[in-house]
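What follows draws every value from the coordinates through simple rules; no lab data is involved. Quick caveat: nothing in here was measured; it's all calculated off a predicted structure. Note: ideal-geometry Cβ built from the backbone for every residue, glycine included; neighbour counts use all protein chains shown.
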Amino acid sequence: MPHDPVAAVTHADPYPFYAALRAGPPLVWNETLRLWVASRAEVIESLLLAHGALRVRPAAEPVPRAIAGSAAGEVFGHLVRMNDGTAHQAHRPALQRALAGLDLGAVRAAALRVAHDVPTQPVSDALFSLPVRTVAHLLGFGDEALPRVDMWMRDFVACLSPLSTPDQLQDASAAAGELMTRFEELAAGAPPRSGTLLAAVLAESEAGAPLSRSLLANLVGLLSQTCDATAGLLGNSLIAVMREPSLQQGAQTRDGLQAIVEETARHDPSVHNTRRFVAEPITLAGTPLAAGDAVLLVLAAANRDPAFNSEPERFSLVRARRRMLGFGHGMHACPGQALACTLAAAGLEAVLHRALDLAAMRARGWHYRPSVAARIPVFH
Ligand code: HEM
């Protein structure tokens, strides 16, 4: 058993621990982590809907201290994901509409094409490169820029973790500066290539040149939101196929691949938890929360709540109603869910076509990258 719900994220099998959490009180105080923990689906949904009282960042620290004042801190501070302020709300509808307008068939075709230039080995790196380079391509970057954008993005997301080292924080800031400049150039040069995700965001936000720093940061944010979460979804889908070789049959068709990825997103998701910070006193699930309290919402536990999904422990490609909270809920819900599942399904298709010896990979095993929220495998 993992010793706490943060350690559970990278544990080999955290699900019995999550079941024990769900069987306990709706909100339980964890003295070691110094936060409240919620694990039942109904409670997490109500927490995610308590927008006024609960915020995505602590009031006293809108940007993590470790990156405040740096280029990485600037990007972080503008992200709609990381702030509940009115200035941030302004970008949300444009991002949502642009992502909703994507042609997912074209996304799949682009992902398979981009996959040709992504090195096969190590697979653990391809998990990141496939989705990140595809989204960079969809945004409008040329083929020659994709490896560099991929590298900067990997450096940038490292700063989003409290586990980052000083060297990683420095690299993250350099990468954030580069990415802002590249997006500025992409948007300012010739009018963005029509049909790109960048053109769609600009049209939806009616933005004129030069673009505001906050919109530029949220374009970088589309890549950073893709990076770890989609790598994890792709990696965990590959593990599902390794564990259950009969799924290889399903993986022969586009619908089958999609179903494997969607069930993985429920059963063994990449984002295991998110946090909320109490801005004003509120009672939720019968528990009074004080201003300044932090709450850990264990989304991965909610997905296996029997009150949310029937036979939740079973990996089942066909479900009458598949429900999940791994993409959030309410105002901050992920607008990239359909894109992410399409990217992971195309990534799985590309990886499986490379004649990997899945039985040997399974025998060699894997562990999970150090993280407090994301479950991303590293294959041995
Ligand atoms: C498997 C992949 C993904 C997972 C599991 C995931 C999960 C999430 C979750 C849980 C949230 C809400 C966090 C919270 O409320 O605390 C979120 C927000 C967000 N996601 Fe995703 N995401 C994924 C991929 C993507 C992709 C591909 C994009 C876009 C290219 C994207 C864009 C966003 C944005 C912009 C937000 C902020 C929404 C807001 O605050 O208004 N995500 N995502």
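Observations, loosely collected:
- Packing-based exposure ordering (other Cβ within 10 Å, fewest first) of I376, I67: I67, I376
- Backbone N under 17 Å from the H367 label point (7 Å along Cα→Cβ), restricted to the range 2-28: 2-3, 7-14
- Amide H partners (placed H, <5 Å) of L35, local residues excluded: N30
- Using a simple spin-label model with pseudo-atoms 7 Å out from Cα toward Cβ, T165 and Q248 lie 3.8 nm apart.
- Most mobile of N309, N83, N30 in a GNM of the chain (Cα contacts under 10 Å): N30
- Residues F315, F327, sorted so that the one with the fewest Cβ neighbours within 10 Å comes first: F315, F327
- Förster radius 45 Å - calculated FRET efficiency between T181 and Q96, Cβ distance, rounded to 0.05: 0.95
- Separation of alpha-carbon centers, the range 121-190 and the range 341-362, rounded to whole Å: 23 Å
- Amide H contacts under 5 Å for T274, placed H, 5+ residues apart: L297, L299
- In this label model, D357 and A59 are separated by 6.0 nm, measuring between points 7 Å along each Cα→Cβ vector.
- Mean Kyte hydropathy of -0.5 or more with a Cα span along the axis of at least 18 Å, helices from DSSP in the chain: 123-139, 166-188, 213-243, 337-352
- Relative packing of 362-375, 228-241, which averages over residues the other C-beta atoms within 10 Å, highest first: 228-241, 362-375
- Using the alpha carbons alone, the radius of gyration of the chain stands to its Kirkwood radius in an Rg to Rh ratio of 0.95.
- Under 5 Å between amide hydrogens, built in the peptide plane, is the criterion, and for L289 it picks out I282, T283, L284 among residues at least 5 positions away or on other chains.
- Taking each DSSP H run with n ≥ 4 as -39500 (n - 2.57) and averaging over every residue of the chain yields -15500 deg cm²/dmol at 222 nm.
- A109-E144 pseudo-label distance in nm [points 7 Å out on the Cα-to-Cβ vector]: 2.5 nm
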